[in-house]
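What follows is calculated from the coordinates using simple rules that are stated; it is not laboratory data. All values reported here derive from a predicted model rather than from experimental measurement. Methodologically, a virtual Cβ is constructed for each residue, glycine included, from the backbone with ideal geometry; neighbour enumeration extends over all protein chains shown.
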Amino acid sequence: MNRIFSGIQPTGNLHLGNYLGAIRNWVGLQDDFESIYCIVDLHAVTLPQEPDELRRNLREVTAGVVAAGVDPQRCILFAQSAVPAHSELAWLLACQTPLGWLNRMTQFKEKAGKHRENAGLGLYAYPVLMAADILIYRATHVPVGDDQKQHLELSRDIAGAFNRQFGVDFFPLPEPQIFGAATRVMSLRDGSSKMSKSDVSDYSRINMTDDADTIALKLRKARTDADPLPGVPAGLAERPEAANLVGIYAALEGSTVAAVCAEYEGRMFSEFKPALTELAISTLAPIADEMRRLMDDPGHVDGVIADGAKRARAIAEPILAEVHDILGFLRPGRG
């Protein structure tokens, strides 16, 4: 079976965008891949973090992932920092990565902004750590969104450069795992902005911990327009709020925007919103209930993380040992 690797930031306040954009895909991948899922706390500290909040967020994200259907017995779920091989391989790969390749990475420019000279080295070298995350398990596939495509290409470049430099066929070139039309969930208050935990208005997002009444209230208050729903997706052009709600419905139903438009053609949002609310509650409320239950049992969540880390280390450490041999490092008993 092919091996897939994917990571998620421990940002806390998981919302509908996180669920539809990543977590739900993780659930489905368990059937087709040997799945390794990582809460990437080493990536998180490329920007300032409050330690207690980081710990809370790591547990919350783990609880959310498990509540959504990721089974820790069928996959490996762990915290990145608990497997030191990630950091060591990142250094070894950094020594093989030309600065010119990193200078082309657009995400550093976006996150560092105008104060690039004050940005930490970790933020600049983030893509090399991402490559190490994937290659330390010799993963064959990686789910990617639009914002990570460039980093996956760099991971492939780094793997290929390592293989060529040492004359080996050691690291596979990881393939992107694409999920049809990407689900891009936007703010419920502004259809031109992504749904985000950092938005000052809690009404801009549906949190994965929201109960049924809160989901209903937020969708009732979600911004729309006065026009009826079109019969084809092209009719949603220049209607960002309408397009967002139709897209959410399609994603939750496992359908297409075209099918939703055909079903609700000519109907007003006063009719569409109740149907969307019923669908959202039936999908998300059970996840929220289970997530809250898990968050009330931090010992269990910590046990999931610890077991996953043990299993991840069992894969990563022998691969790192082979990298040592390829590089020419001495190891006791190996000459």
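Key figures
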item	result
Shape of the stretch 1-90, Cα gyration tensor, a/c cut at 1.5	oblate
Taking the stretch 202-294 and dividing mean pair separation by its residue count, relative contact order in percent (alpha carbons under 8 Å, at least six apart)	39
Net +/- balance of residues flanking Val65 in space, Cβ distance below 13 Å, scoring K and R +1, D and E -1	0
Rounded to the nearest 20 debye, dipole of the chain from Cβ charges on Lys, Arg, Asp, Glu	740
Entries in Lys197/Lys221; Lys218/Lys273; Lys194/Lys221; Lys197/Lys273; Lys197/Lys310 that, when Cα-Cα distance is taken, lie over 21 Å	Lys197/Lys273; Lys197/Lys310
Value of Rg to Rh for the chain (Rh from inverse mean 1/r over Cα pairs, i.e. Kirkwood)	1.00
Net +/- balance of residues flanking Val257 in space, Cβ distance below 13 Å, scoring K and R +1, D and E -1	-1
For the stretch 162-245, diffusion coefficient by Stokes-Einstein and Kirkwood Rh (Cα), 4 °C, 1.567 mPa s, µm²/s	81
Percent antiparallel among DSSP beta bridges (both partners in the chain, rounded to 5)	10
Charge tally in the Cβ shell below 12 Å around Arg311, where Lys, Arg are +1 and Asp, Glu are -1, Arg311 excluded	0
Rg(Cα) / (2.2 N^0.38 Å) computed for the stretch 202-294, rounded to two decimals	1.10
The chain: relative contact order as a whole-number percent, Cα under 8 Å and 6+ apart	22
MRE, 222 nm, helices only [DSSP H, n ≥ 4, -39500 (n - 2.57), over the chain, to nearest 500]	-16000 deg cm²/dmol
Reduced Cα scattering model of the stretch 54-135, Debye log10 I(q)/I(0), q = 0.11, 0.26 Å⁻¹	-0.43, -1.17
